[in-house]
Amino acid sequence: QLNVQDTIGIQEIWILDFQPYRFNIDALPVNELDGQLKMEQTSECSSVYETASWNDYFNDTYFSDKDAAGLSSKKLFTEFRRGPLNGEGFRDNKMIFSVDMGLFFSCKDSTNEEFIWQMTDITDDEIEYRAKLYTTNVRPKDPLVPTGGISFVQSHIELIWRLSRSALTKFLISSTALIRPILEFARVSAVYDVLERAVPTQSALHIRFRTVVDSDTQMLSYNTDSLVYVPENTNHGINVIDYQPVGTLDAAPDCEFRLDEGTQTQYQCQQTWEFKLVLDVDTSGQVDNRIPVDASGTFEFYFTTYGCQLTNNVFDKGTCEQVGTDPAKISALITIQTTVFIQDLEDDQVTIILESLTGAENEDLSYGTGSRGVAH
């Protein structure tokens, strides 16, 4: 939500955009020849939602309440609220956006070529993007002449968007006492599109764990495509599984036999399993700063148990036969959170009061004196 102050009795308009007013000197937001406000000469996420004539937009009644339907010609802002008039001749109007963060991330400039967010830093657990929101107050140099030129005062807010990702495994359990799972890691990372931009509505998850079978004559084989994700928020889901073990006994990882940690008398079969997948993370309506987008859920993996013989006291996979009919289930409850930080680079509030404006020869350049100048 952005507040813009309208001065009653002054011809002015506020333009909020993610590019400077003079981004394209040949296609300014206000046409210098006829004073027309040009919607198409601002970016797709600007506050300029229509093309309007001089007498329309340079009017205290122009800014009015609008909902998303009235602003649908542009992508970002979803509501305008006209504020009440205070006792000092000012009105605080509000420009509001309440959209999917992925849509905000996709905003481009008026050429429709460059994204407004630029990656400025990346670490293992955090990606940083920055964008500049330009706030421009536009007024006529001569309030009576549309072709008399435009003056403007422009400031900008530097926005920082940090994607911080973390994963925390709360437990890893087995459906049978014979098998003990041991988590090695669960890592969450960013997903990138073909243009190397992070996709905020997806997260990549890499899981690796070991299974320990308390026997030197039994091993496990993964059941093909048996991975199940049960999210706490049902709007999340699996987008694609990039890697999972091949679901055959021959392709199953060989046992690494180790003595049990307790008695050091029983050899156990230890196998390592790895999974890589991409999750769809529903961020619709999530625009609150610093509020986590939670994709936590339970991941279930199913295995078949095989009993095998020792040939010359050596484990022989060729002799293995399935044990029982019910698969063994390994369950992992994993907390996954993506937090979006959007903040102004500096905590500031600037007010400029212009008492007078004079030229090189001390002439008054404020309008109303016959001299053309900046009327702010």
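The values are calculated or read from the model by the stated rules, or taken from the named source; none is laboratory data. Note that the structure is predicted; figures quoted are calculated from it, not measured. Here the Cβ positions follow ideal geometry from the backbone for every residue, glycine too, while neighbour counts run over all protein chains shown.
Some notes on this structure:
- Selection of first residues in segment 58-70 that are surrounded by 11 or more Cβ atoms within 10 Å (Cβ to Cβ) and at pLDDT below 95 and of second residues that are in a loop (DSSP other than H, G, I, E, B) and among the hydroxyl-bearing types (Ser, Thr, Tyr), restricted to Cβ pairs under 6 Å at least 6 apart or on distinct chains, gives the following pairs, ordered by first then second residue: ALA68/THR78.
Here is a yes/no grid of residues against (1) within 17 Å of the chain's Cα centre (by Cα); (2) part of a strand (DSSP E or B):
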site	(1), (2)
GLY70	no, no
SER73	no, no
LEU76	yes, no
GLY87	no, no
LYS94	no, yes
VAL99	yes, no
GLU113	no, no
THR120	yes, yes
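- Strands (runs of 3 or more DSSP E) fully within segment 151-266 that include at least 1 residues being surrounded by fewer than 19 Cβ atoms within 10 Å (Cβ to Cβ) and modelled with pLDDT of 85 or more: 179-189, 202-213, 228-231, 237-243, 256-259.
- Test: residue in segment 23-34 that is in the same structural domain as ILE96 (by TED's automatic domain parsing) and either within 18 Å of LYS94 (Cα to Cα) or of a type in the set (Lys, Arg) (or both): no
- Scanning segment 321-341 turns up no residue that is modelled with pLDDT of 90 or more, under 27 Å from the mean Cα position of the chain (by Cα), in the same structural domain as ALA204 (by TED's automatic domain parsing) and outside any loop (DSSP other than H, G, I, E, B).
- Unique residue being touching a residue at least 12 places away in the same chain (Cβ under 8 Å) and in a strand (DSSP E or B) when the list is GLN11, GLN5: GLN5
- Subset of segment 86-128 [over 22 Å from THR201 (Cβ atoms) and among the basic types (Lys, Arg)]: ARG91, LYS94
- Segment 57-77: number of residues that are in contact with a strand residue (DSSP E or B) (Cβ under 8 Å, 6 or more places away or on another chain) and closer than 13 Å to ILE13 by Cα: 6
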